[in-house]
Amino acid sequence: VLLGVFAIGLPVLRGAELEAQPTGNPTSATDIDERYKRHMALGIRLYEDRSFDAAKIEFERAYSIRAGAGPLINLALCHKGRAEYVKAARVLERAMLAHGSETEQREAMESALRELKELIAVVELDVQPRVTGAQIFVDGEEQPAAEGLEISPGIHVLEVSAPGFWGYREELELGAGDRRRVPVKLVADSGTLSVAVSGAAVTVRIDGAVDAARPLRRLLKAGTHLVTLEREDARYTASVAIVAASETRV
């Protein structure tokens, strides 16, 4: 039984039509079938009430009971209902990869995926300076490292963080299908401290904390830090000024 047809061309699927019938012990199979149908029915009821987050939980549970295209299609429609077109497309891609050969809905899924892709904006980041370990977040969610970020249309908050730099934050207003290059200039907030130690039996403390690394080279926030070198017969203490984007040697 199909319930309605939505803008991306896929119907919400009410039951177990797309999946193979369970095999094995009849009692066990019946129990699995009933639990699967219950979660699907609850998910659809919640979907119709536009309680998309709650509906997603039910479809995910249905999928955990019986993996198939049906729960994933409905899960994609929940994401679409929340205007999360990127997530909807990824769920459909997952459904096609894992279950495309099992369902008669494959052509409809392919068509829906093309329509979703037309809505998704692509943002290319030009991060300067180029640093290792940079993390990218959109609306608080970390993004995979990629040449182009796929983002649903709307207003979003872009954040970029990297060790030794102030965090970067920008609000992006994206239209459906936009392609945009965004320059990101990172400003250093830290400098490097290098400590050359002669002798193995020397304890090094930076701001009171023991640092056992050798050679010792640490990224520290710009400002004044206390460096202490100790061994049984001697102690050296220095107040060291760390300058952003520079190296200080002791």
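The values are calculated or read from the model by the stated rules, or taken from the named source; none is laboratory data. The structure displayed is predicted, hence computed values, not measured ones. Cβ atoms come from the backbone with ideal geometry, glycine included; neighbour counts cover every protein chain shown. For the accessible areas, the whole protein counts, side chains as well, though only heavy atoms, and no ligand, DNA or RNA atoms are used. Shrake-Rupley method; radii C 1.70, N 1.55, O 1.52, S 1.80 Å.
Scanning segment 201-215 for residues that are farther than 26 Å from G167 by Cα and assigned to a strand (DSSP E or B) returns T203, V204, R205, V210.
Considering only residues that are part of a strand (DSSP E or B) and surrounded by fewer than 12 Cβ atoms within 10 Å (Cβ to Cβ), look in segment 142-167 and name the one that is nearest to the chain's Cα centre (by Cα). Here the residue is E142. Among residues of segment 97-112 that are farther than 18 Å from C78 by Cβ, those with a beta-carbon under 8 Å from a residue that is open to solvent by 60 Å² or more (accessible area, probe 1.4 Å) at least six positions away or on a different chain give the pairs G100/R106; E102/A20.
Of the residues in segment 168-180, not one is open to solvent by 70 Å² or more (accessible area, probe 1.4 Å) and in a loop (DSSP other than H, G, I, E, B). Among the residues examined, K117 does not qualify as closer than 30 Å to P183 by Cα and in contact (Cβ under 8 Å) with a residue 40 or more places away in the chain.
Scanning segment 181-200 for residues that are open to solvent by 30 Å² or more (accessible area, probe 1.4 Å) and assigned to a loop (DSSP other than H, G, I, E, B) yields V187, A196, V197, S198, G199, A200.
Picking from residues in segment 73-107 that are open to solvent by less than 10 Å² (accessible area, probe 1.4 Å) and over 19 Å from the mean Cα position of the chain (by Cα), the one that is modelled with the lowest pLDDT is G100. Taking the criterion of being touching a residue at least 24 places away in the same chain (Cβ under 8 Å), over 15 Å from A238 (Cα atoms) and of a type in the set (S, T, Y), the residues of segment 169-222 that qualify are S190, T192.
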